[in-house]
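Novice: I'd like to ask you about the structure that follows.
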Amino acid sequence: MFGRKRMLFGRKRILRVISVLSVAVAAGHLVENMRSTASPWNLPSERSGPLDGRSGQGTATAPSGLPRAASLSADGDIPQLMGITPVAATADTGSQTACVPTVTLAAAEDASIDLALDAPCNQGQRVVIRHAGLSFTAKTGPDGKLAQRLPALDDEALVAVYFENSEMALATVSVPEMAGLTRFAFQAPFPVQFDLRAEEAGRVYSGRGAQAAQDGSRKIRLLGTASVSDPILSQVYTFPGTDLTAANLTVELRITPETCGNSYLGETVLSRGGNTVRGSLPLSLPLCGTAGDILVLKNLLGPLTLAASD
């Protein structure tokens, strides 16, 4: 009986081996069939190098069944694109160029500057003209043009025109006559009303007086257009020669209901021989109830003279 059990056990073992071999043969045959009928779009099954998740390096080789145009390698004969016509990108800049403002400066008599502004796209607009610390407002005409004469403060004058849209146009001009002149400018923000006065050799020159338009280079020039928003007004007096003691300068501030009790900051510019010194002057107007009175500012050249000598 014991021998019979051994024979049965041996038969079962042989059957298991035969079954395993049959399954292996069938699997191998199936793999061969799948390889022979594989789609050319299958992913590559081999790698030319290890792809390690820790190193992040490795390259995959495209299978031979992939079309060359879709190959991951650039070494194949990739077909060239045909029928593409290159088109240059262009922009219509004609209107932009036409809107660029230009400024032309020319030296004029009495050490002055003639400014010609052409801003065709800024018709009837407020502009601010600045030169060596001097500032005042102006307004372009219906055609965007503006002609303005202003006294030079530098022998190598730089003049800038600022527009409401933050654009700026500037130009330079030489004014050699400034070497023998001295000028003083005073300006204050609106609505401050002021009058620059100069007493010289027994004569009084006033920015708003009738004599302001007389006596050639010694006249006080009024600059600035008040018929715009936030106007900036300036007055400039020209000294005879470079002697600072030749004239006594004062500024008269009118006390009005709009300015009484308020504080402002005035600005001064002293130009002597083509060199400029700028200064600021706090303006504290009396309380309301004194409208119609005048506040006189004196010793205007003191701080500027000290600054010029430093």
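Novice: Taking the stated definitions as given, is E200 of a type outside the set (F, W, Y), closer than 30 Å to L295 by Cα, touching a Pro at 6+ places or on another chain (Cβ under 8 Å) and surrounded by 15 or more Cβ atoms within 10 Å (Cβ to Cβ)?
Specialist: yes
Novice: Six or more apart or on different chains, Cβ under 9 Å: which pairs go from a residue in the stretch 128-149 that's under 22 Å from R278 (Cα atoms) and in contact (Cβ under 8 Å) with a residue 40 or more places away in the chain to one that's buried (at least 19 other Cβ atoms within 10 Å of the Cβ) and among the acidic types (D, E)? Could you list them?
Specialist: Taking only residues 6 or more apart or on different chains, the pairs are A132/D154.
Novice: I would also like to ask the following. Is one or more of the residues making up the stretch 298-308 touching a Ser or Thr at 6+ places or on another chain (Cβ under 8 Å) and at pLDDT 85 or above?
Specialist: yes
Novice: Quick one: P142 ticks every box in (1) crowded, with 20+ Cβ neighbours inside 10 Å; (2) in a loop (DSSP other than H, G, I, E, B) bar one, so which box is it?
Specialist: (1)
Novice: Being within 27 Å of Y162 (Cα to Cα) and either touching a residue at least 24 places away in the same chain (Cβ under 8 Å) or in a strand (DSSP E or B) (or both), is that true of even one residue in the stretch 295-303?
Specialist: No, there is no match, as no residue in the stretch 295-303 is within 27 Å of Y162 (Cα to Cα) and either touching a residue at least 24 places away in the same chain (Cβ under 8 Å) or in a strand (DSSP E or B) (or both).
Novice: Something else now. For the stretch 136-190, how many residues meet the condition of being among the small types (G, A, S), within 28 Å of the chain's Cα centre (by Cα) and closer than 14 Å to A107 by Cβ?
Specialist: 4
Novice: Which members of the stretch 95-122 meet the condition of being exposed (fewer than 14 other Cβ atoms within 10 Å of the Cβ), at pLDDT 95 or above and not small (G, A, S)?
Specialist: T102, T104
Novice: While we're here: Of L249, L253, which residue is over 33 Å from the mean Cα position of the chain (by Cα), over 30 Å from F163 (Cα atoms) and modelled with pLDDT of 90 or more?
Specialist: Only one candidate qualifies: L249.
The values are calculated or read from the model by the stated rules, or taken from the named source; none is laboratory data. A quick note: this is a predicted structure, and the numbers were derived from the prediction, not measured. Note that we place each Cβ from the backbone using ideal geometry, even for glycine, and neighbour counts take in every protein chain shown.
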